[in-house]
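Asker: Pasting in a structure now, in structure tokens, and then I'll have a few things to ask.
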Amino acid sequence: MLNEKLKNFNIILASGSPRRQQFFKDLGLDFEIRLKEVKEEYPPALRHFEITDYLAQLKSMPFLNELTEKDILVTSDTIVWHEETCLGKPRDKQDAFNMIQSLSGKTHEVITSVCIRTKTYQKTVSAVTKVTFKDLNTDEIWYYINNYSPLDKAGAYGIQEWFGFIAVTKLEGSYFNVMGLPTHLVYETLNSIAEGI
């Protein structure tokens with residue numbers, strides 16, 4: 001449906017995340033993947049969704065001079081926000097353990113921002129989902145870290161994996177946002193572009 005409306009546009013997803021790529025396929029969109037290296041650093045004064053907004057927009061900057069009138073560029077960033085601290089991707093397994101242990105038995109927020117840009121238009125949208133974990137023991141945490149791939153995930157976990165099945169006791173907001181993309185917001189924003197808003 002949306003793909004038909006956007007048939008005259010070229011959608012560019014600037015993400016190496018297989019989860020985000022799958023979301024675009026599941027939304028029924030034709031798109032290409034175009035990647036550019038960006039150093040993901042942000043001013044230390046930024047808080048909460050200001051961080052993801054900044055990084056999502058930062059990731060779009062290397063593409064600006066090459067966008068044509070028919071291009072729609074999508075960039076995004078996800079963090080875990082816990083106790084006034086930003087948790088990105090862990091450096092190593094010990095860092096992953098420390099992150100997950102800090103989330104055990106508590107509620108944190110997963111924040112994703114998506115920057116959608118054309119040659120003449122830019123809009124950044126963000127979603128916040130509250131996730132509560134049960135009290136996790138050391139064996140559970142290490143089993144997950146050693147058997148899955150937490151190092152490429154903000155907050156060191158994937159809700160769609162074994163860990164999500166056993167750890168999450170409550171979720172407020174978009175489930176897909178926790179996986180890395182607030183699909184409802186992407187759909188709404190692309191739809192508004194298709195309708196010329």
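Asker: Going down the list Lys39/Lys130; Lys39/Lys106; Lys39/Lys153; Lys39/Lys93, which pairs span over 19 Å between their C-alpha atoms?
Answerer: Pairs exceeding the cut-off: Lys39/Lys130; Lys39/Lys106; Lys39/Lys93.
Asker: Find how much the distance from Lys93 to Leu46 grows on full extension, using 0.36 nm per residue of separation minus their present alpha carbon separation; answer in nm with one decimal.
Answerer: Extending this stretch completely gives an extra 14.2 nm.
Asker: Using Cα pairs under 8 angstrom and six or more residues apart, how large is the relative contact order of the chain, in percent?
Answerer: Taking the mean separation of contacting Cα pairs over the length of the chain, I get 22 percent.
Asker: Tell me the label-point distance for the pair Tyr187, Tyr148, using the 7 Å Cα-to-Cβ offset, in nm and rounded to one decimal.
Answerer: The modelled label-to-label distance comes out at 2.5 nm.
Asker: I would also like to ask the following. Between Tyr175 and Thr118, with labels modelled 7 Å along Cα→Cβ, what's the label distance in nm to one decimal, could you check?
Answerer: Result for the modelled spin labels: 3.3 nm.
Asker: Would you please give the FRET efficiency between Asn3 and Lys130, computed as 1/(1 + (r/R0)^6) with r the Cβ-Cβ distance and R0 = 35 Å, to the nearest 0.05?
Answerer: Efficiency, from the Cβ-Cβ distance: 0.65.
Asker: Below 16 Å, Cα to Cα, which aspartates and glutamates can Lys89 reach? Residues fewer than 8 away in the same chain don't count.
Answerer: Candidates past the 8-residue exclusion: Glu40, Glu41, Asp77, Glu109, Asp152.
Asker: Sorted from fewest to most neighbouring beta carbons within 10 Å, what does the list Ser60, Ser104 look like?
Answerer: Fewest-to-most Cβ neighbours within 10 Å comes out as Ser104, Ser60.
Asker: So what's Rg/Rh here for segment 2-194, counting alpha carbon atoms and using the Kirkwood radius for Rh?
Answerer: Result for segment 2-194 is an Rg/Rh of 0.99.
Asker: Quick one: Karplus J couplings for segment 133-138, per residue in order, coefficients 6.51, -1.76, 1.60, θ = phi - 60°, nearest Hz, x for Gly and Pro?
Answerer: 9, 6, 6, 9, 8, 4
Asker: Label Arg34 and Glu69 with points 7 Å out from Cα along Cα→Cβ: what is the distance between them in nm?
Answerer: With each label placed 7 Å out from Cα toward Cβ, I get 1.7 nm.
Asker: Further question: Starting from the Cα gyration tensor of segment 77-182, take the square roots of the eigenvalues, sort them a ≥ b ≥ c, and report rounded, prolate or oblate (rounded when a/c is under 1.5, otherwise prolate if a/b is larger than b/c, else oblate).
Answerer: It is prolate, given that a/c is not under 1.5 and a/b is the larger ratio.
Throughout, read-outs are computed from the coordinates displayed, never taken from laboratory work. Bear in mind the structure is a predicted one, so any value in this text is a computation, not a measurement. Cβ atoms come from the backbone with ideal geometry, glycine included; neighbour counts cover every protein chain shown.
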